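J.: Take this structure first; my questions come after.
The values are calculated or read from the model by the stated rules, or taken from the named source; none is laboratory data. In this text, all values refer to a predicted model and were calculated from it rather than measured experimentally. Cβ sites come from the backbone with ideal geometry, for glycine too, and all protein chains shown count toward neighbours. Surface areas here come from the heavy atoms of the whole protein model, side chains and all, with no ligands, DNA or RNA. Shrake-Rupley method; radii C 1.70, N 1.55, O 1.52, S 1.80 Å.
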Amino acid sequence: MDMQEHFLIISAGDSIHKTYPSVLEGLRTITHTIVFAEKEIYTNSARDDTRKRMWKYAIRNAVDEVNAISISHNISCALITIDAATFDAIRDPVLGIFSDHPGARYSFDISAGPKRLSLGLFSMSLWVEGDTYYAFGNSKARRVPVPTLPTKYLPTNPHYLVILTILFRGQEHGKKTSTLVPEATLYNETKAWQIPVRNADEGPAGHELLPEEFARLVSALVGWNLIREEPDPAGGPEKLYSITPDGELALIVYSARMKKRGVAGAPGPT
């Protein structure tokens, strides 16, 4: 089976050669790196003062270093220069890459580069369903959290929030890692949760949660990257679950909305 193409698109700045290794360390499947830079960077002008010339020189050197690092990792590297950091100028070449490689995975590094260029690339990452990362200096690359679900879906079933709340509260105090909760435990705790009922027409509130419905809820949350499913490290047949950073953010946002609407006892962080 051929390896899936994975494009990393970077906004050019004078520090991209410092953050690039960190991004490659976090994203080990990169096959192509594309650097976006304004044409001004590669244009010498008699109007440039010493400071601006040095700034352009630093960015050019950083791009060259990214290319050298790419070669050392057997990653193809290309430079795309645009006339100006307008959205159209950024959009068209990204769409050109996407049209030629529709089955590829896309990641964006907006750690460096002018604000307009980085924001334009971030916007395009949403359109091509890519992930966006940032890193500063030699720090570890971090993904910009972006919702992966239609915003209207999560509040439609309170059990979504119940599952997220149970996993959120299962985190070990003071630690960044989440405790893995067995599937049976998660189901039993979810089923036992008393969901407040505001009116008789509210969907799942007031009826017993069946295993088939629970499986559908969990599958949706996994697909939205709000919870993580892992096999039992001991080799057992039961699946284990934990909440993701996106899940924590979604829980805080949506539970706050429910409380704002006056839903007493709504699931959520305490």
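J.: Residue under question is Leu149, and the condition is that it be among the aliphatic types (A, V, I, L, M), modelled with pLDDT of 85 or more and either part of a helix (DSSP H, G or I) or surrounded by 15 or more Cβ atoms within 10 Å (Cβ to Cβ) (or both); does it hold? Before the answer, list the steps.
T.: On the way: among the aliphatic types (A, V, I, L, M): yes; modelled with pLDDT of 85 or more: no; either part of a helix (DSSP H, G or I) or surrounded by 15 or more Cβ atoms within 10 Å (Cβ to Cβ) (or both): yes.
No, not satisfied.
J.: Given the conditions (1) farther than 16 Å from Glu38 by Cβ; (2) modelled with pLDDT of 90 or more; (3) outside any helix (DSSP H, G or I), which single one is not true for Phe98?
T.: With (1) farther than 16 Å from Glu38 by Cβ; (2) modelled with pLDDT of 90 or more; (3) outside any helix (DSSP H, G or I) applied to Phe98, the lone miss is (3).
J.: Could you tell me how many of the residues in segment 224-248 are closer than 14 Å to Ile163 by Cα, open to solvent by 20 Å² or more (accessible area, probe 1.4 Å) and assigned to a helix (DSSP H, G or I)?
T.: Within segment 224-248, residues that are closer than 14 Å to Ile163 by Cα, open to solvent by 20 Å² or more (accessible area, probe 1.4 Å) and assigned to a helix (DSSP H, G or I) number 1.
J.: Among (1) touching a residue at least 24 places away in the same chain (Cβ under 8 Å); (2) over 14 Å from Ile9 (Cβ atoms), which single condition is Ala78 missing?
T.: Unmet for Ala78, out of (1) touching a residue at least 24 places away in the same chain (Cβ under 8 Å); (2) over 14 Å from Ile9 (Cβ atoms): (2).
J.: Output the residue which, of all residues in segment 110-144 that are of a type in the set (Val, Ile, Thr) and closer than 13 Å to Ile10 by Cα, is most open to solvent (accessible area, probe 1.4 Å). Show your work before the answer.
T.: Let us first name the residues in segment 110-144 that are of a type in the set (Val, Ile, Thr), namely 110, 128, 132, 144.
Add one more test, that the residue is closer than 13 Å to Ile10 by Cα, and what stays is 110, 132.
Values: Ile110: 40, Thr132: 4 Å².
So the residue we want is Ile110.
J.: Quick check on my filter: what residues within segment 175-189 are at pLDDT below 70 and either open to solvent by less than 80 Å² (accessible area, probe 1.4 Å) or in a helix (DSSP H, G or I) (or both)?
T.: The answer is Ser178, and nothing else.
J.: Moving to a separate point now. Under 7 Å between Cβ atoms, which residue pairs at least 6 apart in sequence (or on different chains) link something in segment 14-36 that is over 20 Å from Ala58 (Cα atoms) with a partner that is of a type in the set (S, T, N, Q) and surrounded by 20 or more Cβ atoms within 10 Å (Cβ to Cβ)?
T.: Leu27/Ser107
J.: Can you tell me which residues in segment 101-139 are touching a Leu at 6+ places or on another chain (Cβ under 9 Å) and either free of Cβ contacts under 8 Å to residues at least 12 places away in the same chain or assigned to a helix (DSSP H, G or I) (or both)?
T.: Met124, Trp127, listed by residue number.
J.: Okay, next question. Let me spell it out: the conditions are (1) among the aliphatic types (A, V, I, L, M); (2) surrounded by 12 or more Cβ atoms within 10 Å (Cβ to Cβ); (3) not in a helix (DSSP H, G or I), and Ala46 meets all of them except one. Which number is the exception?
T.: (2)
J.: Within the group Ile110, Ile80, which residue is farther than 23 Å from Glu25 by Cβ, among the β-branched types (Val, Ile, Thr) and at pLDDT 90 or above?
T.: Working: Ile110 fails: farther than 23 Å from Glu25 by Cβ.
Within the list Ile110, Ile80, the selection yields Ile80.
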